[in-house]
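Reading through the structure tokens given below for one structure.
The values are calculated or read from the model by the stated rules, or taken from the named source; none is laboratory data. All of these numbers come straight from a predicted model, not from anything done at the bench. Heads up, the Cβs are rebuilt from the backbone with ideal geometry, glycines too, and the neighbour counts pull from every protein chain shown. Protein only, heavy atoms only, side chains kept; ligands, DNA and RNA dropped before computing areas. Shrake-Rupley method; radii C 1.70, N 1.55, O 1.52, S 1.80 Å.
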Amino acid sequence: MILPAPRTNCLDARPALTPAQWSIYGAGWEGSVRFRVAVCGRRFGKALALDTRLPSPDGWTTMGRVQEGTRLFDEAGRVCTVTFATEIMLGRPCNTVSFENGAAVVADDGHLWQVHDETAGRPRLLTTLELRSGLAGGQSYRIAGCRPLADGLDRRRRLLRRLCRRYGRWQRDRGWSIDSTGWLAGIVQSLCAALGLVPRRSVSPGRVTVSWRADRAHRWHRISAITVVPSRAVRCIQVDSPSRLFLCSEALIPTHNTFLMAEELRRAARLAVRRNVGVENEIWYGAPTFLQAKRVMWGRVKRAIPRSWIAGRPNETTCSLRLLSGHVIRLVGLDASENLRGSGLWFFGGDEWADCRPSAWREVIRPMLSTARGHALFIGTPKGFDHFRDAYLLGQPGGDPSYRSFLFTTADGGNVPPEELEAARRELDLRTWQQEYCASFETYAGRVVYAFSRAGNVKRSGYDPNRPLHVGMDFNVNPMSATIWQEQGETTRQIDEIVLPTSNTDEMAGEIARRYGRDGFEPGRREVGHITVYPDPAGAQRRSSAGGRTDIGILREKGFAVCASRSHPPVRDRMNVMNRQFRSADGQVLATVDPRCVRSIEAYERLVFREGTGEPDKTQGFDHLVDASGYYLFGRQNRMSSASTSSFMER
């Protein structure tokens, strides 16, 4: 069984996706990668000026007026619906895109155009900025004209005939033309474009001429120039047309709209047939709830899947399509995932994945994909240290080879102006800003070491035997914890960690000496004078070993240098110092961690404050290594900032 070729424009052979979407799309269904994870910041878009005119079955409208539900036209002349519209964006770099037929459209640098590259001889999806650079380099581009608009076709033909009889001029070698002082020209140009013609508009003193030839329907709008203009208020929209295109300006020029997941579902259907996948293995789009899945995707799916592929009518109750091949495309809600068992899965697309129940993947979706070795794509914005983050980490270097993950910030999209980003930074707290705009995984229970990040602080750094060693130590018995650091100028590097379950200070001191002690004059005894320990101040009174010795006393007996605070510094002060060391307000990083310190990295990321308090939550066991590092970093800062430590530290 081969699915019939869809009746779409020839350029639709290549899905119309943004460069960021293409990096995700292109990684699928190849090699060993079966599961893709896309982490994205909010508010991506490709924008047109607010006064750009858009044809609608209900009359003309503009980019500034459209809203969700507004009806427009696609390049095939069919009615499509606006499914999403951004807020008005200011400060975007803008251009006037001019065409040989006299039409012009104002678009920002990032707006996408589905063009035919006449130099390369193939269709391409390019931004306005890329088109401008290509034109400057001598390349040539054209855009396919639209087909006749189905809505009101006969009425438009009658009106154009009347205008031709009254105002028109016919020349055998040039076709029809109508001269006017301006107002009539716009009407004639729109009528011609709506009938699938490509009219040419020329302006001379006191006269505007619109000319066209009836035998030139379905031809091309050739781009003549792209010029930079002062920034304008702009906006972008998404529509549910199968090609992701909608028409703009009086010339009805097709322009672009994107939606990645619909393209993924369509490709999965095509590959299921090509690879002879059993029809019992379905293709699913999943959202946190069924109503959300239906609202977001059902209209898009019905337009993305060519009608010639579908057997019978779509099931509006279950939101499912059965293809001629027998395969089923279905929308599901994951709030009641236990009811979804029963079939195999060839592809699963999970949207707003951070809001979906993690048990849905473990207990239902993942086992169902095993039958046909199916594939999956998860998309969403981070919402803490959860299953979405776990999946993202699996796709990073050193993770699971069957996973691949992507991360795009709002700034990466290039569609939100810098001043708007700065305004959001001022209005939002740090964690919200990082999560929503930087696509960063943040814990909203209140991360204690919130300035620490894998990207900024995890760096390889081996042990240098020629440098002194610094040890932060927490005297908890189970486990006994220590972090090992070396300094280089203003910066310090954690090179190791030691965690000893059910232990004591004697055993910890022995382990440090074994790993980092130096050979001394006394046989069998390791010298540790180059090692300074920054312990829990409670060790001055606490006794974890026999004989009544204090923990700090034991360390001194073993030969370690000890820098201990006379009393416990406030937790908040100690954590503020840690955060400033990991990343200061001006972005300076003074402390890094070697990737071998796996448990420390997890502790820095996962230790949170107890709800409603300023105290770390000690129930999960992440506090011990954080405390150990905190004692060292707090002591280090005070040691470096004080001319004499004798008033603060006991050595």
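Name the residues in the range 415-432 that are open to solvent by less than 20 Å² (accessible area, probe 1.4 Å) and either polar (S, T, N, Q) or at pLDDT 70 or above (or both), would you?
Hit for the range 415-432 is N415, nothing else.
For the condition free of Cβ contacts under 8 Å to residues at least 12 places away in the same chain and farther than 22 Å from S202 by Cα, what is the one hit in R122, R172, R156?
R122
Those residues that are at pLDDT below 95 and of a type in the set (S, T, N, Q), I need them from the range 277-314; list them, please.
Across the range 277-314, the qualifying residues are T289, Q292, S308.
Look through the range 336-381, keep the residues that are basic (K, R) and more than 25 Å from V279 (Cβ to Cβ), and return whichever of them is least open to solvent (accessible area, probe 1.4 Å).
R357
Of the numbered conditions (1) under 30 Å from F622 (Cβ atoms); (2) assigned to a loop (DSSP other than H, G, I, E, B); (3) open to solvent by 30 Å² or more (accessible area, probe 1.4 Å), G384 satisfies every one except a single condition; which is it?
Checking G384 against (1) under 30 Å from F622 (Cβ atoms); (2) assigned to a loop (DSSP other than H, G, I, E, B); (3) open to solvent by 30 Å² or more (accessible area, probe 1.4 Å), the one that fails is (3).
Quick check on V105: is it of a type in the set (A, V, I, L, M), in contact with a Ser or Thr (Cβ under 7 Å, 6 or more places away or on another chain) and either closer than 22 Å to R201 by Cβ or modelled with pLDDT of 80 or more (or both)? Walk me through it before giving the result.
On the way: of a type in the set (A, V, I, L, M): yes; in contact with a Ser or Thr (Cβ under 7 Å, 6 or more places away or on another chain): yes; either closer than 22 Å to R201 by Cβ or modelled with pLDDT of 80 or more (or both): yes.
Yes.
When the residues of the range 469-493 are filtered to those that are assigned to a loop (DSSP other than H, G, I, E, B) and more than 16 Å from A591 (Cα to Cα), which remaining residue is most open to solvent (accessible area, probe 1.4 Å)? Quick ask: steps written out before the conclusion?
First pass over the range 469-493, keeping only residues assigned to a loop (DSSP other than H, G, I, E, B): 475-479, 489-490.
Then drop every residue that is not more than 16 Å from A591 (Cα to Cα), which leaves 475-479.
On the way: F475: 4, N476: 54, V477: 62, N478: 94, P479: 27 Å².
The selected residue is N478.
Looking at H568, H530, which is the one that is at pLDDT 90 or above and in contact with a Pro (Cβ under 6 Å, 6 or more places away or on another chain)?
Within the list H568, H530, the selection yields H530.
For R158, only one of the following conditions fails: (1) at pLDDT 85 or above; (2) surrounded by 13 or more Cβ atoms within 10 Å (Cβ to Cβ). What is its number?
The failed condition is (2).
Applying the selection to the range 575-616, what residues are in contact with a Leu (Cβ under 7 Å, 6 or more places away or on another chain) and not small (G, A, S)?
Correct list: V577, M578, Q581, R599, P616.
May I ask you to verify whether S405 is buried (at least 19 other Cβ atoms within 10 Å of the Cβ) and modelled with pLDDT under 90?
No, not satisfied.
With more than 26 Å from E602 (Cα to Cα) and either crowded, with 19+ Cβ neighbours inside 10 Å or in contact with a Leu (Cβ under 9 Å, 6 or more places away or on another chain) (or both) as the only criterion, which of V533, V499, V528 stands out?
Sole residue among the options that is more than 26 Å from E602 (Cα to Cα) and either crowded, with 19+ Cβ neighbours inside 10 Å or in contact with a Leu (Cβ under 9 Å, 6 or more places away or on another chain) (or both): V528.
Looking at E263, E250, E280, can you tell me which residue is among the charged types (D, E, K, R) and open to solvent by less than 40 Å² (accessible area, probe 1.4 Å)?
After applying the criteria, what remains is E263.
If I ask for residues that are more than 22 Å from the chain's Cα centre (by Cα) and closer than 14 Å to R34 by Cβ, which ones from the range 331-366 would you list?
L345, W346, I365, R366, listed by residue number.
Show me the helices (runs of 4 or more DSSP H) found entirely inside the range 247-305 where at least 2 residues are touching a Gly at 6+ places or on another chain (Cβ under 8 Å).
Filter on the range 247-305 gives 260-274, 290-293.
Would you pick out the residues in the range 315-332 that are open to solvent by 10 Å² or more (accessible area, probe 1.4 Å) and either under 30 Å from G41 (Cβ atoms) or free of Cβ contacts under 8 Å to residues at least 24 places away in the same chain (or both)?
N315, E316, T317, T318, S320, R322, R330, listed by residue number.
Report every pair of residues separated by at least 6 positions or lying on different chains whose Cβ atoms are under 8 Å apart, first residue within the range 545-565 and within 18 Å of H470 (Cα to Cα) and open to solvent by 50 Å² or more (accessible area, probe 1.4 Å), second modelled with pLDDT of 85 or more and part of a loop (DSSP other than H, G, I, E, B).
So the pair list comes out as K558/V528.
I need the full set of residues from the range 590-620 which are open to solvent by 40 Å² or more (accessible area, probe 1.4 Å) and either among the polar types (S, T, N, Q) or modelled with pLDDT under 90 (or both), in order please.
Once the filter is applied, which keeps residues that are open to solvent by 40 Å² or more (accessible area, probe 1.4 Å) and either among the polar types (S, T, N, Q) or modelled with pLDDT under 90 (or both), the range 590-620 yields R610, E611, G612, T613, E615, K618, T619, Q620.
Please work out which residue is nearest to T255 (Cα to Cα), limiting yourself to the range 98-128 and to residues that are assigned to a strand (DSSP E or B) and open to solvent by 60 Å² or more (accessible area, probe 1.4 Å).
Result: R124.
Test C80 against the stated conditions and say whether it is crowded, with 22+ Cβ neighbours inside 10 Å and either of a type in the set (S, T, N, Q) or part of a loop (DSSP other than H, G, I, E, B) (or both).
Values: crowded, with 22+ Cβ neighbours inside 10 Å: yes; either of a type in the set (S, T, N, Q) or part of a loop (DSSP other than H, G, I, E, B) (or both): no.
So C80 fails the test.
Quick check on the range 129-136. Is at least one of its residues more than 27 Å from W60 (Cα to Cα) and open to solvent by less than 40 Å² (accessible area, probe 1.4 Å)?
Kept after step one, since they are more than 27 Å from W60 (Cα to Cα), are these residues of the range 129-136: 129-136.
Next, from what is left, pick out any that are open to solvent by less than 40 Å² (accessible area, probe 1.4 Å): 131, 134.
Yes; the residues of the range 129-136 include at least one that is more than 27 Å from W60 (Cα to Cα) and open to solvent by less than 40 Å² (accessible area, probe 1.4 Å).
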